[in-house]
Amino acid sequence: MTALKYKSQAVAKYYFIAALALFTGQILFGLGLGLQYLVGDFLFPYIPFNQARMVHTNLLIVWLLFGFMGAAYYMVPEESETELHSPKLALALFWIFLVAGALTIVGYLAVPYAKLAELTGNDLLQTMGREFLEQPLPTKLGIVVVALGFLYNISMTVLKGRKTAISLVLLMGLWGLALMFLFSFVNPHNLVRDKMYWWFVVHLWVEGVWELILGSLLAYVLIKTTGVDREVIDKWLYVIIAFALMTGILGTGHHFYFIGLPGYWTWIGSIFSALEPIPFFMMTVFAFNMVQRRRREHPNQAAVLWAVGTSVMGFLGAGLWGFIHTLSPVNYYTHGTQVTAAHGHLAFYGAYVLVVITLISYAMPILRGRIANSQRAQNMEMWSFWIMTVSMGVMVLALTGAGILQVWLQRMPTEGAMSFMATQDQLRFFYWVRLAGGVGFLLGLLAYLSSFFIGGEPLTQADADARGGGLLRAQPSQRVRDL
């Protein structure tokens, strides 16, 4: 049995289990949406398209937040070399967040949205009705309370213990996440200002502060699984987050092209958005470089695969697929088409879904008393990575094809352009392919979940040493203690 270095790390297990359960729910609703594109009255009137879409996108955000919080509760005690400030507070906040989230989803499904707004006091402070921020006012307030309690717990732990680059970057990302969410309470009547503040939440999350969280999680796992000196990884981390913030903050301008803001945003947005793939490319080079320079063969090779996959797929989704339609002359035609959906799916999967699974893959065996799962369980886990990744690739290529055809038929003709619904009929082949990719993705997720129940003898460091040469690559170093 492998004991946890700090007992309070055990609270992370609750967050990881909840995250995976909500992730499964998100994928099921996504499949329902894919069918509704093809069979318009599927599940109607029980789960109309607008309700299913709200649940699909909200579950994505909530399960990733559970994953980030669990990752922080697992990482910070080790990085700070001290027990969590209050494990009881962490558990209390878990149940509050889970119950509030579940009640919100029930509200979406059981009550018409306009009635839900009326029942939850939206007339007191109008915050509902915007994509990703559909949560009723009590839920938004609950999220703020949970976030403040969580940040207090994590911040106090960091303050009383060792300060590392990883924990400080993680803390900066988490505080930024909470502060940016406050703009969800700002809902001015002026539509231009409304959209601007909305992007302050959505863009500055996914292309700003979340990238700091991504970088710190990836750096932590690579330190633990490769044995590369912490100083080397820290330098990479600083450079990556600097580029992420420099390009991501002004890169928000690619959402300001056509919402009524001054025309100079077409230049600022185009230039800095074109630079946004750089930090993701650096992350790819970083991950491969660290694995190549590894001082040890860690027994949990599945976690290493997820880590490398995060960097590659993050670059493809957030970097390459974002770049192909981020310049204003291109975005003029592609904005709001299925090209946008292709970018969104691959970017979220590559950058954030995979990094949360990376942390879960590394931490869960230790939380269950072993350094790594059995070889059979890891083989299933690695199969699940490839099934999910290939299936996501199928979905994204289908959506990209649909988007290109949509632009050709609906957006580009100066006269006689096809109507929206007539265009949608022309895209059915791509929607069927997307649905097939979605089914494959669900099978990959189920394969991943099944790996938790596969038995066999857990692998040890001695097994890894015998298989891969162990610490033979290592030079004597005080820093190996970081492992």
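For the reader, a short list of remarks on this structure follows.
- Across all directions, the shadow cast by the convex hull of the chain built on its C-alpha atoms averages 22.5 square nanometres.
- Cα centroid separation, the range 316-360 to the range 116-184 (Å): 24 Å
- On the range 158-249, 75 percent of the accessible area sits on carbon and sulfur atoms, based on a 1.4 Å probe.
- Site pair residue 397 and residue 275 shows an inter-label distance of 3.4 nm when each label is modelled 7 Å from Cα along Cα→Cβ.
- Take the convex hull of the alpha carbons in the range 159-302; its mean projected area over all directions comes to 10.4 nm².
- Sorting the segments 277-286, 38-47 by their mean number of nearby beta carbons within 10 angstrom, highest to lowest, gives 277-286, 38-47.
- Judged by the mean number of other Cβ atoms found within 10 Å, the most tightly packed of the peptides 306-314, 121-129, 197-205 leads the ranking 306-314, 197-205, 121-129.
- Inter-probe distance in nm under a simple model that places probes 7 Å from Cα toward Cβ, at residue 453 and residue 155: 4.3 nm
- Order by protection proxy (mean Cβ within 10 Å, highest first), peptides 183-193, 222-232: 222-232, 183-193
- Over the chain, Cα pairs under 8 Å with separation of 6+ residues give a relative contact order of 16 percent.
- Tally of Lys pairs whose C-alpha atoms are under 16 Å apart, taken over the chain, 8 or more apart or cross-chain: 5
- Annotation: extensible slack from residue 436 through residue 289 equals 49.4 nm (criterion: 0.36 nm per residue apart, minus Cα-Cα distance).
- Per-residue surface analysis assigns residue 13 an accessible area of about 70 Å², computed on protein heavy atoms at 1.4 Å probe radius.
- The range 39-165: relative contact order as a whole-number percent, Cα under 8 Å and 6+ apart: 40 percent
- The dipole here belongs to the chain: it is taken about the Cα centre, uses +1 on the Cβ of Lys and Arg and -1 on the Cβ of Asp and Glu, and is about 940 debye.
- Protein accessible area in the range 334-440, 1.4 Å probe - carbon and sulfur %: 69 percent
- Gyration tensor over the Cα atoms of the range 299-350: the corresponding equivalent ellipsoid has semi-axes (square roots of 5 times the eigenvalues, largest first) of 29, 9, 4 Å.
- Compared with the dominant principal axis of the Cα atoms in the chain, helix 87-110 is inclined by about 20°.
- Globularity index of the range 126-192 is 1.38 (Cα radius of gyration / 2.2 N^0.38 Å, N = number of residues).
- Between residue 126 and residue 460, the simple label model (points 7 Å from Cα in the Cβ direction) yields a spacing of 6.6 nm.
- In the chain, the calculated helix contribution to ellipticity at 222 nm averages -22500 deg cm²/dmol per residue, counting -39,500 (n - 2.57) for every DSSP H run with n ≥ 4.
- For the range 101-145: relative contact order, % (alpha-carbon pairs under 8 angstrom, 6 or more apart): 33 percent
- Cβ-Cβ FRET estimate between residue 383 and residue 5, R0 fixed at 41 Å, reported to 0.05: 0.85
- To the nearest ten degrees, helix 277-292 and the longest principal axis of the Cα atoms of the chain are 20 degrees apart.
- Principal-axis tilt of helix 338-347 within the chain, Cα atoms, nearest 10 degrees: 10 degrees
- Average accessible surface area per residue within the chain, 1.4 Å rolling probe, Å²: 42 Å²
- Farthest towards the positive end of the charge dipole of the chain, among the residues 135, 328, 356, is the Cα of 356, using unit charges on the Cβ of Lys, Arg, Asp and Glu.
- Under 5 Å between amide hydrogens, built in the peptide plane, is the criterion, and for residue 372 it picks out 459 among residues at least 5 positions away or on other chains.
- Order of exposure, largest accessible area first, which applies to 33, 320 with probe 1.4 Å: 320, 33
- Table column - 3J(HN,Hα) (Hz), the range 211-223, Karplus curve with 6.51, -1.76, 1.60, x for Gly and Pro: 5, 5, 5, 4, x, 5, 5, 5, 4, 4, 5, 5, 4
The values are calculated or read from the model by the stated rules, or taken from the named source; none is laboratory data. Quick caveat: nothing in here was measured; it's all calculated off a predicted structure. Because the Cβ atoms are built from the backbone with ideal geometry, glycine has one as well, and the counts that use them run over all protein chains shown. To get the accessible areas, we keep the full protein, side chains included, count just its heavy atoms, and leave off ligands, DNA and RNA. Shrake-Rupley method; radii C 1.70, N 1.55, O 1.52, S 1.80 Å.
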